[in-house]
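**Student:** Quick one: the structure is below, and I'll ask about it shortly.
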Amino acid sequence: MWENIKDFASTFFVTGDPLIYGADVSIGLTSIAILFVLTYFKKWKWLWREWITTVDHKKIGIMYLIASLLMLFRGGVDALLMRTQLALPNMKFLQADHYNAVFTTHGTIMILFMAMPLMFALFNLVVPLQLGARDVAFPFLNSMSFWLFLMGAMLFNLSFVIGGSPDAGWLSYPPLSELAYSPGVGENFYIWGIQISGIGSLATGINFLVTILKMRAPGMKMMKMPLFSWSVLSSSVMIIFAFPILTVTLALLFLDRFVGAHFFTMDLGGNPMMYVNLIWMWGHPEVYIVVIPAFGIFSEVVSTFSKKSIFGYKSMVFSMMLISVVSFFTWAHHFFTMGSSANVNVFFAISTMVIGIPTGVKIFNWLFTMFRGRITIKQPMLWTLGFIPCFVVGGATGVMLAVAPADYQYHNSYFLIAHFHQVLIGGVVFGYFAGMYYWWPKVFGFKLDEKLGKWSFWLWNIGFYVCFMPQYALGFMGMTRRLYTYGSDTGWDLGWAPLNMISTVGAFVMGLAFIVQVWQISYSIRKGERDLTGDPWNGRTLEWSIPSPAPFYNFAVVPEVEGTDAWWKTKEDLKNGIKPAPVKLEPIHMPKNSAIPFIMSVCWFIAGFGFVFGWMWMAIPGLVGVAISLLARSFTYDTDYYVQVDEIERTEAALRGRTV
Amino acid sequence: MSQHTHGHSTTDEVSQGHGSLKSYLLGFIFSIVLTIIPLVIVMNDMLNKTQTVVTLMLMAVMQLLVQLFFFMHIREGEKPRWNVMTLIVGLLIVFTVVGGSIWIMSFNSTVQ
Amino acid sequence: MAHAATTHSHSHEAHESHESLKVLGFWIFIITDILIFGTLFACYAVLHTHTNNGPGAKELFEMKGVIIETFILLTSSFTSGLAMLAMHKKNVKQLIAWLIVTALLGAAFIGMEVTEFVKMVNEGHTIASNAFLSSFFTLVGTHGLHVSIGLVWMIALMIQVSRRGVTEVTTRKLTNLGLYWHFLDVIWIFVFTVVYLMGVM
């Protein structure tokens with residue numbers, strides 16, 4: 001009996017590495033600390049009522065933000081571990097298999113559990129406010145999306161201490177990820193973690209598409225909509241078409257592993273390249289899914305801080321929508337070297353170069369918006385200015401990679417690594433940081449400290465170039481990705497070692513930049529400049545017309561809009577002495593909180609965990625729980641209520657310090 | 001949620017109704033006929049391979065249209081017709097996924 | 001922002017427009033589901049010749065059962081339409097009767113499909129036999145799973161309608177169910193054409 005338990009424990013828990021034991025201890029201590037704090041301050045009820053069961057898009061956005069920053073930390077630590085291992089030849093810091101697990105989780109976490117939720121955070125925090133709406137189209141579904149994402153992310157992260165991490169690369173290519181070559185449960189964690197959070201992402205895509213199409217304030221025609229909302233529309237369109245492909249691809253991989261199907265195996269007719277083909281049909285649109293909202297953020301920021309309407313609004317809209325469709329026609333450039341026919345490679349090389357054109361249009365539009373504008377350089381603008389050169393270089397190396405014959409040279413080298421980090425950090429991360437600094441006062445009611453922000457900006461930027469510029473050269477020198485170490489001959493004679501060392505230094509500078517940001521946030525919570533006006537940047541769009549933080553119903557009166565930059569026009573009218581017509585408050589229709597999304601996601605977590613270990617006694621009750629939750633929702637008819645006028649009056653009076 | 005278009009569409013819906021018995025019956029008859037034709041063609045080997053494939057796909061697409069127009073009432077509803085637009089883009093992507101996969105994966109038969 | 005949008009305040013209208021919103025949302029969900037089936041079709045199209053020298057579509061499929069299944073599902077799509085007609089006439093009894101007919105036809109379809117699958121598995125042709133059968137069972141099985149979920153949903157809605165009658169909310173739910181059912185019929189037509197008819201021709 002005791003022997004059995006010991007046997008089980010030694011395979012169930014990850015053992016044998018001091019790093020892991022350290023993680024075990026810190027996870028345990030953190031959990032105990034959280035439980036203690038919640039109990040000591042009697043916050044359980046508050047947590048349940050105000051956060052876990054909430055359907056308020058602003059609170060959901062804040063939860064997304066916190067989760068994504070935690071994931072940024074985890075993914076960042078992975079990156080630093082890798083860079084430490086590669087700093088010098090023949091390093092013994094990480095074992096080969098551990099290194100494999102680290103680069104796998106780094107990629108997966110950064111894209112799916114950091115970039116996606118940070119993006120959804122901004123969707124949730126901003127879009128309804130920009131559109132003059134009281135909430136998203138489906139608040140219940142919105143809450144479900146968040147909890148599914150969180151449970152998926154937790155399941156994925158659990159693999160670090162239980163069962164073993166996935167180690168077949170961030171896209172888990174077969175045949176390596178098949179049962180024959182990855183017999184552990186790591187790949188199952190990968191599949192179910194992404195699968196569960198993927199359902200949530202898909203639901204968010206539907207939710208925001210309908211919100212934007214149908215919930216705009218009266219008078220806000222599509223072509224009068226703020227550009228960030230347009231970018232969310234473009235991104236949502238890609239989500240709803242791309243994520244089903246991912247769901248199917250991972251489900252098929254799981255069938256291969258779980259019931260012995262032969263989709264992607266090497267024997268009995270399976271074809272691993274079919275997986276590569278399918279996963280990139282999702283994977284390519286995915287990179288545009290995360291970068292397009294960043295473009296939307298830059299458009300808002302550039303316009304606000306140049307005090308001008310955006311240059312070329314129509315071409316901005318057109319290029320974003322064009323990118324969202326064309327992004328579905330470029331996927332094969334990720335596997336030019338597969339050996340497909342020349343016609344295939346030519347088609348996808350050209351389509352890849354074509355998609356660079358609308359992106360270039362946008363860059364020029366931002367530059368022309370700044371031209372002769374009255375520019376003030378605050379943090380959001382700083383990140384935007386840092387983005388432009390970085391993204392232009394990243395885009396140019398992308399066009400180099402698009403040249404199919406040349407790609408045979410660059411494929412899977414550090415040149416590629418440098419390229420996609422340049423567009424993902426320079427584009428996505430800088431973009432979301434710009435958005436975070438820009439909308440932070442709206443969400444929390446105070447600004448983030450400028451001085452510390454400038455420090456972190458410069459550290460990020462300098463660290464980035466120091467880290468990734470040498471990697472372009474390393475790629476040309478023959479260093480391939482996923483290499484866990486290199487000998488002293490290549491290291492010193494071929495000159496890999498100095499460049500790797502520089503690169504590692506850059507990575508740690510970025511790590512330092514992140515710490516400065518954490519310090520900046522905690523400093524600003526205490527001493528940050530409070531935003532009492534609701535309009536700290538002299539903004540142009542509707543979210544700045546309401547107090548910060550916004551009341552739970554957002555707008556006491558739904559605004560009527562006449563053109564783009566609606567709030568700017570209202571302010572101009574006020575200056576010219578045109579007073580707004582008196583408004584009459586009406587009761588507001590609001591959705592009720594619900595525990596079902598949380599319960600259902602926990603059931604998914606249980607089911608997922610059961611499937612990971614092949615424990616049907618656990619998986620089936622989990623799925624039954626999911627079904628019961630859905631039916632319980634279907635039978636719930638008491639889902640909304642009205643906020644009465646006197647409550648609105650009281651809330652507005654408290655927020656604005658006067659009666660409306 | 002523009003109120004004007006919404007008000008307009010409600011009257012529209014009332015005048016058009018939600019399909020009549022006649023339209024459902026017509027749709028049903030069409031779908032039966034469109035199922036029998038390919039069945040007869042295949043079971044009796046009436047056409048050569050390419051012709052059969054083309055006819056079969058044509059019949060299936062017509063079935064899709066029958067279901068869309070007679071059963072799902074795609075013509076009804078509010079303007080602008082976001083449902084039709086998303087459907088068209090969705091079908092374009094499906095076509096790309098299926099056609100693209102077949103095209104790209106045909107390397108299997110040429111390389112080996 | 002000159003004046004308030006008072007038109008929204010009327011609770012009935014606000015509620016009704018929110019129901020139409022949910023229909024659009026569900027429609028978009030159906031399109032994502034079309035993508036799911038599209039991807040499975042892509043797999044089947046690429047892998048259906050990969051039988052690893054095992055028996056192919058021609059040897060395995062028995063058309064008689066499949067043809068009956070097809071007509072059953074076509075008819076159920078029609079009867080679900082009749083249920084919608086009854087709903088718009090606010091005739092609860094007729095509505096539930098047609099839903100029961102639809103559900104029974106759906107259950108018959110599932111029953112036949114399961115029988116077909118069991119027979120194939122008993123003959124040794126399983127999802128693990130080769131790539132062709134993997135993609136076949138997954139594509140057809142996913143459709144069957146959708147129909148089964150639709151049946152559970154249909155029963156749940158029958159209970160709700162019998163309790164609450166035809167209201168704005170139940171109308172919206174039944175409209176969505178109707179769309180879902182027709183959509184499954186369309187998918188089956190493509191399964192029938194691509195997998196079965198093209199398989200045996």
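**Student:** Determine the order of A:LYS442, C:LYS64 by accessible area, beginning with the largest, at a probe radius of 1.4 Å.
**Tutor:** Listed by decreasing accessible area, they come as C:LYS64, A:LYS442.
**Student:** Within chain A, what whole-number % of the accessible surface is contributed by carbon and sulfur, with the 1.4 Å probe and all protein chains included in the calculation?
**Tutor:** 71 percent
**Student:** Counting other Cβ atoms within 10 Å, keep those with at most 16, restrict to DSSP loop, and tell me which GluC sites (Glu not before Pro) in region A:544-616 are left.
**Tutor:** Filter output for region A:544-616: A:GLU562.
**Student:** Further question: Which order do A:VAL291, C:VAL23 take by accessible area at a 1.4 Å probe, largest first?
**Tutor:** The ranking, largest first, comes out as C:VAL23, A:VAL291.
**Student:** So what's the angle, to the nearest 10 degrees on a 0 to 90 scale, between helix A:139-158 and the longest Cα principal axis of chain A?
**Tutor:** For helix A:139-158, the angle is close to 30 degrees.
**Student:** Over both sides of the B-A contact, add up the buried accessible area with a 1.4 Å probe and give it to the nearest 100 Å².
**Tutor:** 1900 Å²
**Student:** Another question, then. Residue by residue through B:79-85, how many Cβ atoms from other chains fall within 10 Å of the Cβ on average?
**Tutor:** That average works out to 3.
**Student:** Still on this structure, please answer the following. Normalised by the empirical 2.2 N^0.38 Å for globular proteins, what value does the Cα Rg of the protein assembly as shown take?
**Tutor:** 0.95
**Student:** Per-residue Cβ counts within 10 Å, from other chains only, averaged over A:253-265: what number is that?
**Tutor:** The per-residue average across the peptide is 5.
**Student:** How big is the accessible area of A:ASP646 in square angstrom, nearest 10, if you roll a 1.4 angstrom probe over the protein chains?
**Tutor:** So the heavy atoms of A:ASP646 present about 80 Å² to solvent.
**Student:** Next question, about the same structure. Below 23 Å, Cα to Cα, which lysines can C:LYS58 reach? Residues fewer than 8 away in the same chain don't count.
**Tutor:** Once the sequence-local lysines are set aside, what remains near C:LYS58 is B:LYS49, C:LYS119.
**Student:** Given the -39500 (n - 2.57) contribution per DSSP H run of 4+ residues, what per-residue ellipticity at 222 nm results for chain C, rounded to the nearest 500 deg cm²/dmol?
**Tutor:** It comes out at -27500 deg cm²/dmol, rounded to the nearest 500.
**Student:** With an 8 Å Cα cut-off and a minimum separation of 6 or more residues, compute the relative contact order for chain A in percent.
**Tutor:** 16 percent
**Student:** Here is a further query. Quick one: how many Å² of C:THR175 are accessible to a 1.4 Å probe, rounded to 10?
**Tutor:** Rounded to the nearest 10, that gives 40 Å².
**Student:** Give the separation of the Cα centroids, region A:465-495 to region A:384-439, in Å.
**Tutor:** Spelled out, the Cα-based centre of one part sits 19 Å from the other.
**Student:** Between A:LEU179 and C:LEU104, with labels modelled 7 Å along Cα→Cβ, what's the label distance in nm to one decimal, could you check?
**Tutor:** 4.2 nm
**Student:** Restrict the search to region A:336-373; then list the chymotrypsin sites (Phe, Trp or Tyr not before Pro) that DSSP places in a loop and that have at most 16 other Cβ atoms within 10 Å of their Cβ.
**Tutor:** Passing both the DSSP loop test and the Cβ count: A:PHE371.
**Student:** Using helices alone, what [θ] at 222 nm do you get for chain A, with -39,500 (n - 2.57) per DSSP H run of 4 or more residues, divided over all residues and rounded to the nearest 500?
**Tutor:** -22500 deg cm²/dmol
**Student:** Using +1 at the Cβ of each Lys and Arg and -1 at the Cβ of each Asp and Glu in region C:16-200, identify which of C:HIS125, C:SER76, C:ILE36 lies farthest towards the dipole's positive end.
**Tutor:** C:SER76
**Student:** With a probe of 1.4 Å, find how much accessible area region C:16-200 has per residue, and write the answer as a whole number in Å².
**Tutor:** 34 Å²
**Student:** If I ignore ligands, DNA and RNA and count only protein heavy atoms, how much of C:TRP153 is accessible to a 1.4 Å probe, in Å² to the nearest 10?
**Tutor:** 60 Å²
**Student:** Would you mind giving the mean number of other chain beta-carbons within 10 Å of the Cβ of each residue in B:58-64, as a whole number?
**Tutor:** 4
**Student:** First select every other residue whose beta carbon is under 11 angstrom from the beta carbon of C:PHE192; then total the charges, Lys and Arg +1, Asp and Glu -1.
**Tutor:** It works out to a net charge of -2.
**Student:** Right, next: With the radius of gyration and the Kirkwood radius both derived from the Cα set of region A:544-660, what is their ratio Rg to Rh?
**Tutor:** 1.24
**Student:** How far is helix A:414-423 tilted off the main Cα axis of chain A, in degrees rounded to 10, range 0 to 90?
**Tutor:** Helix A:414-423 sits roughly 10 degrees off the main axis of chain A.
**Student:** Can you give the local net charge around C:ILE68? Use residues other than it whose beta-carbon is closer than 13 angstrom to its beta-carbon, Lys and Arg +1, Asp and Glu -1.
**Tutor:** Overall, the nearby charge balance is -3.
**Student:** Using only the alpha-carbon atoms, how far is helix A:430-444 inclined from the longest principal axis of chain A? Give it as 0 to 90 degrees, nearest 10.
**Tutor:** For A:430-444 against chain A, the angle is about 40 degrees.
**Student:** Among all the lysines, which ones have a C-alpha under 20 Å from A:LYS308's C-alpha, if same-chain residues fewer than 8 places away are not counted?
**Tutor:** Correct list for A:LYS308: A:LYS224, A:LYS362, A:LYS378, A:LYS569, A:LYS571, A:LYS575.
**Student:** Remind me, relative contact order of region A:1-150 in percent, using alpha carbon pairs under 8 angstrom and six or more residues apart?
**Tutor:** 31 percent
**Student:** Rounded to a whole number, what % of the accessible area of chain C do carbon and sulfur atoms account for, probe 1.4 Å?
**Tutor:** 66 percent
**Student:** Residue by residue, what Karplus-based ³J(HN,Hα) values in Hz, rounded to whole numbers, does region B:82-88 have, using 6.51, -1.76 and 1.60 with θ = phi - 60° and x for Gly and Pro?
**Tutor:** Once rounded to whole Hz, the list reads 4, 4, 5, 4, 5, 4, 5.
**Student:** Which one, C:THR51, A:PHE156, B:VAL54, projects farthest toward the positive side of the charge dipole computed for the protein assembly as shown from Cβ point charges (K/R +1, D/E -1)?
**Tutor:** A:PHE156
**Student:** Using heavy-atom solvent-accessible surface (probe 1.4 Å) with all chains present, what is the largest-first order of C:GLU168, C:GLU123?
**Tutor:** Descending order: C:GLU123, C:GLU168.
**Student:** Sticking with this structure for a sec: For chain A, give the magnitude of the charge dipole about the Cα centre (Cβ charges: +1 Lys/Arg, -1 Asp/Glu; no others), in debye to the nearest 20.
**Tutor:** For chain A, the charge dipole is close to 2180 debye.
**Student:** Using +1 on the beta carbon of Lys and Arg, -1 on that of Asp and Glu, and nothing else charged, what's the dipole of region C:16-200 about the Cα centre, debye to 20?
**Tutor:** 660 debye
The values are calculated or read from the model by the stated rules, or taken from the named source; none is laboratory data. Just so it is clear, the model here is predicted, and its values are computed rather than measured. Here Cβ is always computed from backbone atoms with ideal geometry, including for glycine, and neighbour counts include all displayed protein chains. Accessible surface is based on the protein model in full, side chains and every heavy atom, while ligands, DNA and RNA are left aside. Shrake-Rupley method; radii C 1.70, N 1.55, O 1.52, S 1.80 Å.
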